[in-house]
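Participant: Once you've had a glance at the structure underneath, I'll fire off some questions.
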Amino acid sequence: MNRQGRQTRPHQDATGQAGKSTFTGHQGLDHEEDLIFELGRDGQCGVDLPALEDTPDRLGGLLRDSEIGLPGLSEPEVVRHYVRISRNNYAIDAGIYPLGSCTMKHNPRLNEKMARLPGLADIHPLQPTSTVQGALELIDTLAHWLKVITGMPAVAMSPAAGAHGELCGLMTIRAALEARGEKRSRVLVPESAHGTNPATANFCGYKIQSIPANASGRVDLAALKAAIDDDVAAIMLTNPNTCGLFEDEVIEVAEAVHGVGGYFYCDGANLNALVGKVRVGDLGVDAMHINLHKTFSTPHGGGGPGAGPVVLSDALKAYAPVPWVVSGDDGFDLQEDATGDAEASIGRMKSFHGQMGMFVRALTYMMSFGCDGLPRIAEDAVLSANYVLARLKDHMSPSFEGYCMHEALFDEHFLDGTGVTTLDFAKAMIDEGFHPMTIYFPLVVHGAMLIEPTESESKASLDEFIEAMIDLTKSAKEGDTTRFTEAPLLAFRKRLDETRAARSPVLRWRPEVETAEAAE
Amino acid sequence: MRYLPLGDADRSAMMAQIGISSVDDLFEGVPRSARLTKPLDLPPGQGELSVERAIGRLAGKNRPMGSCPSFIGGGAYRHHVPASVDHLIQRSEFLTAYTPYQPEISQGTLQVLFEFQTQVALITGMDVANASMYDGATACSEAVLMATRVTRRKHVVLSSNLHPHYRDCVLTTSQFLDLEIDVVEPLPEIDKQTACVVVQNPDVFGRLRDLTALSEACHEVGALLVVAVPEVVSLGAVKSPGEMGADIVVCEGQGIGNGLNYGGPYLGLFATRDKYVRQMPGRLCGESVDADGKRGYVLTLSAREQHIRREKATSNICTNSGLCALAFSIHLSLLGEDGLKGLAMLNHQTAIKLADKLAAVPGVEVLEKTFFNEFTVKLSGNATEIVEALLARDVMGGVPAVRLFPERPDLANHLIVAATETNTDEDIDAFAEALGEVLS
Amino acid sequence: MSDHQYSEDHEWINIDGDVGTIGISNFAQEQLGDVVFVDLPQVGAEVSKGDEIAVVESVKAASEIYAPVSGEVVAVNDVLNDAPETVNADAENTGWFFKIKLADEGELDGLMDAEAYAAFAKG
């Protein structure tokens, strides 16, 4: 029974604290903005196209003559629409975004400028490779940087995101085992693992066996060894783990799984703690995905796109998905299908060659830091997280003793008896001007609060955040529950009714349906 | 270093608070053998100017499509993106926001997703769409898996006229699952073991087909019809898959709002019928109200997703293609009904001009009478060599079919060409002239 | 409610002749939060004890429901399709999920009575 998570009963109370109501519904610079479908009018258009000719079509009778239903708007209306709604979003550019496991660091605009150079943005993936030697060289250069940073011999560049990279890594593991004539059925996953890990293992046809954590929050080595046998294909380990702790017995874990002929998949989501300081290849890793949108600053864009290249050991590199960027005397080329040297490849995982736009951004970032700067990222990230931990540990309840890596895990025990939940606490942070930390993840502690400040915060910003957290904690303990249970009161919206959204899903606008009625 | 705000004094104060004398004390738990004691074998850090030069040098070694007449399609299409789009997507609040898990402070992203989902449902002619996937090809493999879940069947039929990247993604993703996949044309008899039939319209060679009869045949045996549309602009001129009875529609959305970017990041669109919504992969944005009764939006039906359902999730997808979806949505808002239809027809008319001009060149046979903006020609010589020769004459002439189908030597002389609104009459003339020279 | 028997998976079964009515316990619905959807089995399905037979979804969680006994599904509670909140309001009565015609009454032996379950849920 999955009983962890947050309360969802919708909020009934609404105090008058939201501010006075106005005729327009706007409040100063905060504008209520309708949907484009409600704003549009027939016959309007925000683009000027050349006139069409009278040519009869050659669509074989399949001309779309019915109405699609798209709204028409002029350019100024479109621009205003998106500017207005953008202002209802928090962003890392606007404030600290302490989301554990997400690595919300500064997204440099130089990355954006480079990605838009016509020589990189206006090239088609199916152009003859002689016309895109610079693009192939860029991919090859980034691949080189990733291999050197991790100390691994090979890298698969095409996976589109972390979860996609996990699938890639696990598939190469399964392919390697099958090439040896072995059929194994299980993958070991710590109970603190991110949900993508078991989901991915399932899509590779593996059963998941969960391994518990020990009292210090690391994977229980004894339990792991007891579970290991020659039916185990792999262990999927995140390091540092999702509790923000370095798995100090990682080498023993690697040895245990290698000892039965299995493989070590490392979830690289937390690479920000290790870059330039620790060589992942020396930990016995066989495959690890790297989230370019976490560690290497490509912007989150409201949910994506990302990129998830996977570094691979010698044992797995032959199975890497195509295409491969290969270099020879004549320059660079693409091995696009699973033939010749790539005969053992698991195949293609997405269209074309990979998330090139994210490669440009990540390489730009890495070159800006260089060999001297990269370790400073991990140092400042880990230092900042420990600073936050040190200053908050006597007010809140850290889940584990000792230092953390790049993120600090707390649980809800410090709120016992206050009537305030982790969810309430998080919502009250919004009123203070902060995006909340990650909540209710990992599932191994109750009411988890996972804080990852990253290296992009000044000390002043950290101090402001810390002092607000201390103030909130004091307030909760002093019994000021309404500050929490009704929060947020000052944001663009108050708490939304997620139950209603799931029970009666309205997933698109429809012309004949009126907008949602007010809550009873 | 310009991206690191902490100064030495800050670090000292922070270390004092923690009670350590060196940052390395925090890395105690790391096995010594894995600690890096000397700098990585990589160049040192550089200022903006230096980095610009280095990346600029790499960019300078590539030939942009806009630098000469170019007619390359094959699953990615060069369309004009209005200037407003790129400015709007670079607003901090859109560019640097995270997934909208705290809806009260993410109404910007959430309203965009709600509008995007609606737009995708409208253009595909379906009931409901998700908040995007990585690209059309991965969306296609997710559609196949969804069809097998919905029908609880194992047999999948893929048309051999499906873009090979889409076909290969399906085959790769399903290789360790208990499914039987056939890649065939013409389509076989389907029966109650068939989970789905996957076709592309227009297909990889540019051909258009009425799918109504096929959808009826599928429904008669309880199978689903999955339709892939790699050129999303075609939906402005061609009857939608929804109107023809599709159950799941997947598209490559790159053609609207997003540049070529050498193949990524792209934008997977995924749409289906209401009755299948709980089996749909990917994020979903839904409408609700807040505590004051004001309309707002939230991510919903999350119980399908990996962070809740873990090994029983409908997909392992976490990150989507959010910013590309925003770009798509803004561009489509600018186009509107008239603009999308006008743009699509402009593409079609440009392709007609191209087809007629090329058909008049000796040694060129235009293979189809119906197409949208892409069609296949059969040349009197090897298409790959001819494309190289055209390049020497400053024309990027299209995709040799064998690049997509290396296992089909019978297609060695076939060339797939695409025309969009970015191709002028001069471009078309230059192509025809160059081709005439090369073939003579 | 008093003659319900409970499993360690927080399900209850109430026997009437050879048909058992099954649902989740009040404790379970509290843990889950607001139920938004229940995925019920087909009438006529044959199940074995321990098979995953239904899924109950809340906003924050999804839990599998396992058949506490073997047999044939003879009825499902269609009310839950339109009003899943019934599970929260009245889990142990009108919020029932499905009815099974028992194949083997002996399977009831491992279940707890109300008092034993209350103690188990607290622990």
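The values are calculated or read from the model by the stated rules, or taken from the named source; none is laboratory data. None of the values given here were measured: they were computed from a predicted structure. Positions of Cβ are generated from backbone atoms using ideal geometry, with glycine treated the same way; all protein chains shown enter the neighbour counts.
Participant: Just to confirm my filter: which helices (runs of 4 or more DSSP H) fall fully inside the range A:49-140 and include at least 1 residues that are under 30 Å from residue B:387 (Cα atoms) and of a type in the set (A, V, I, L, M)?
Facilitator: Qualifying helices (runs of 4 or more DSSP H): A:109-115, A:118-121.
Participant: Residues of the range A:326-357 being in contact with a helix residue (DSSP H, G or I) (Cβ under 8 Å, 6 or more places away or on another chain), crowded, with 21+ Cβ neighbours inside 10 Å and either at the interface with chain B (Cβ under 7 Å from one of its Cβ atoms) or free of Cβ contacts under 8 Å to residues at least 12 places away in the same chain (or both), which ones?
Facilitator: A:346, A:348, A:349, A:350, A:351, A:352, A:353, A:354, A:356, A:357
Participant: Among residues belonging to the range B:31-53 that are more than 7 Å from chain A (Cβ to nearest Cβ) and not in a helix (DSSP H, G or I), point out the one that is modelled with the highest pLDDT.
Facilitator: This residue is B:47.
Participant: Moving to a separate point now. Within the range B:76-91, is there a residue that is in a helix (DSSP H, G or I), facing another protein chain (nearest Cβ under 7 Å) and either of a type in the set (Phe, Trp, Tyr) or in contact with a Leu (Cβ under 6 Å, 6 or more places away or on another chain) (or both)?
Facilitator: Looking for residues that are in a helix (DSSP H, G or I), facing another protein chain (nearest Cβ under 7 Å) and either of a type in the set (Phe, Trp, Tyr) or in contact with a Leu (Cβ under 6 Å, 6 or more places away or on another chain) (or both), one finds none in the range B:76-91, hence no.
Participant: Scanning the range B:54-75 for residues that are part of a loop (DSSP other than H, G, I, E, B) and at the interface with another protein chain (Cβ under 7 Å from one of its Cβ atoms), which turns out farthest from residue A:78 (Cα to Cα)?
Facilitator: Out of the qualifying residues, it is B:61.
Participant: State whether one or more residues within the range B:172-190 are within 27 Å of residue B:77 (Cα to Cα) and buried (at least 21 other Cβ atoms within 10 Å of the Cβ).
Facilitator: Scanning the range B:172-190 turns up at least one residue that is within 27 Å of residue B:77 (Cα to Cα) and buried (at least 21 other Cβ atoms within 10 Å of the Cβ).
Participant: Another question, if that's okay. Is the range C:91-103 home to any residue that is touching a Ser or Thr at 6+ places or on another chain (Cβ under 6 Å) and assigned to a strand (DSSP E or B)?
Facilitator: Scanning the range C:91-103, I find at least one residue that is touching a Ser or Thr at 6+ places or on another chain (Cβ under 6 Å) and assigned to a strand (DSSP E or B), so the answer is yes.
Participant: Still on this structure: What is the one condition in (1) outside any loop (DSSP other than H, G, I, E, B); (2) facing chain B (nearest Cβ under 9 Å); (3) closer than 30 Å to residue B:132 by Cβ that residue A:282 does not satisfy?
Facilitator: Result: residue A:282 passes all but (3).
Participant: Related question: Taking the range B:327-353 only, how many residues are facing another protein chain (nearest Cβ under 7 Å) and in contact with a Pro (Cβ under 7 Å, 6 or more places away or on another chain)?
Facilitator: 3
Participant: Looking at (1) touching a Phe, Trp or Tyr at 6+ places or on another chain (Cβ under 9 Å); (2) charged (D, E, K, R); (3) facing chain B (nearest Cβ under 10 Å), which one does residue A:391 not meet, given that it meets all the others?
Facilitator: (1)
Participant: Determine which member of the set B:292, B:274 is under 15 Å from residue B:120 (Cβ atoms) and surrounded by fewer than 24 Cβ atoms within 10 Å (Cβ to Cβ).
Facilitator: Testing whether each residue is under 15 Å from residue B:120 (Cβ atoms) and surrounded by fewer than 24 Cβ atoms within 10 Å (Cβ to Cβ) leaves just B:274.
Participant: Next question, about the same structure. Being acidic (Asp, Glu) and within 14 Å of another protein chain (Cβ to nearest Cβ) narrows it down to one of B:168, B:182, so name that one.
Facilitator: Result of the check over B:168, B:182: B:168.
Participant: Whether any residue in the range A:243-264 is surrounded by fewer than 24 Cβ atoms within 10 Å (Cβ to Cβ), over 28 Å from residue A:445 (Cβ atoms) and among the charged types (D, E, K, R) is what I want to check.
Facilitator: yes
Participant: Considering only residues that are at positive phi and either surrounded by 20 or more Cβ atoms within 10 Å (Cβ to Cβ) or hydroxyl-bearing (Ser, Thr, Tyr) (or both), look in the range A:418-453 and name the one that is nearest to the other protein chains (Cβ to nearest Cβ).
Facilitator: Per the stated criteria, the residue is A:440.
Participant: Can you tell me which residue among B:158, B:177 is assigned to a loop (DSSP other than H, G, I, E, B) and in the same structural domain as residue B:256 (by TED's automatic domain parsing)?
Facilitator: B:177
Participant: Hey, residue B:359 hits all of (1) among the small types (Gly, Ala, Ser); (2) surrounded by fewer than 23 Cβ atoms within 10 Å (Cβ to Cβ); (3) in contact (Cβ under 8 Å) with a residue 24 or more places away in the chain but one; which does it fall short on?
Facilitator: For residue B:359, the exception is condition (3).
Participant: Being closer than 30 Å to residue B:413 by Cβ and modelled with pLDDT of 95 or more is the filter here, so list the residues in the range B:185-196 that pass it.
Facilitator: Correct list: empty.
Participant: I've got another one for you. Looking at (1) modelled with pLDDT of 95 or more; (2) within 28 Å of the chain's Cα centre (by Cα); (3) more than 14 Å from chain C (Cβ to nearest Cβ), which one does residue A:476 not meet, given that it meets all the others?
Facilitator: Only one criterion is unmet by residue A:476, namely (2).
Participant: Checking residue A:295 against (1) closer than 16 Å to residue A:169 by Cβ; (2) in a loop (DSSP other than H, G, I, E, B): exactly one of these is not met. Which one?
Facilitator: Failed condition: (1).
Participant: Then there is this: Name the pairs: first residue in the range B:281-300 and more than 7 Å from chain A (Cβ to nearest Cβ) and at positive phi, second residue β-branched (Val, Ile, Thr) and part of a loop (DSSP other than H, G, I, E, B), Cβ to Cβ under 9 Å, at least 6 apart or on different chains?
Facilitator: Pairs found: B:282/B:314; B:282/B:317.
Participant: Sticking with this one: With the structure loaded, tell me whether residue A:164 is touching a residue at least 60 places away in the same chain (Cβ under 8 Å), facing chain B (nearest Cβ under 7 Å), surrounded by fewer than 24 Cβ atoms within 10 Å (Cβ to Cβ) and not acidic (Asp, Glu) or whether it fails that test.
Facilitator: no
Participant: If we keep just the residues of the range A:87-143 that are among the hydroxyl-bearing types (Ser, Thr, Tyr) and facing chain B (nearest Cβ under 7 Å), which is nearest to residue A:32 (Cα to Cα)?
Facilitator: Top of the filtered list is A:90.
Participant: Whether any residue in the range B:392-403 is surrounded by fewer than 23 Cβ atoms within 10 Å (Cβ to Cβ) and more than 21 Å from residue B:433 (Cα to Cα) is what I want to check.
Facilitator: yes
Participant: Looking at the range A:356-375 only, could you name the residues that are under 11 Å from residue A:292 (Cα atoms) and of a type in the set (A, V, I, L, M)?
Facilitator: A:358, A:360, A:362, A:363, A:366
Participant: Look at the range A:251-279 and say how many of its residues are within 19 Å of residue A:315 (Cβ to Cβ), in contact with a Lys or Arg (Cβ under 9 Å, 6 or more places away or on another chain), within 11 Å of another protein chain (Cβ to nearest Cβ) and not charged (D, E, K, R).
Facilitator: Count: 0.
Participant: Any idea which of B:318, B:324 is modelled with pLDDT of 95 or more and facing chain A (nearest Cβ under 7 Å)?
Facilitator: The match here is B:324.
Participant: Looking at (1) more than 7 Å from chain A (Cβ to nearest Cβ); (2) of a type outside the set (Val, Ile, Thr); (3) assigned to a helix (DSSP H, G or I), can you tell me which one residue B:94 breaks?
Facilitator: (1) is the only condition that residue B:94 fails.
Participant: Looking only at the range B:97-145, which residues are at the interface with chain A (Cβ under 7 Å from one of its Cβ atoms), part of a helix (DSSP H, G or I), small (Gly, Ala, Ser) and more than 17 Å from residue A:35 (Cα to Cα)?
Facilitator: B:136, B:137
Participant: If you don't mind, another one. Take the residues in the range C:25-42 that are within 9 Å of another protein chain (Cβ to nearest Cβ) and β-branched (Val, Ile, Thr), then tell me which one is nearest to residue C:120 (Cα to Cα).
Facilitator: The extreme case among them is C:35.
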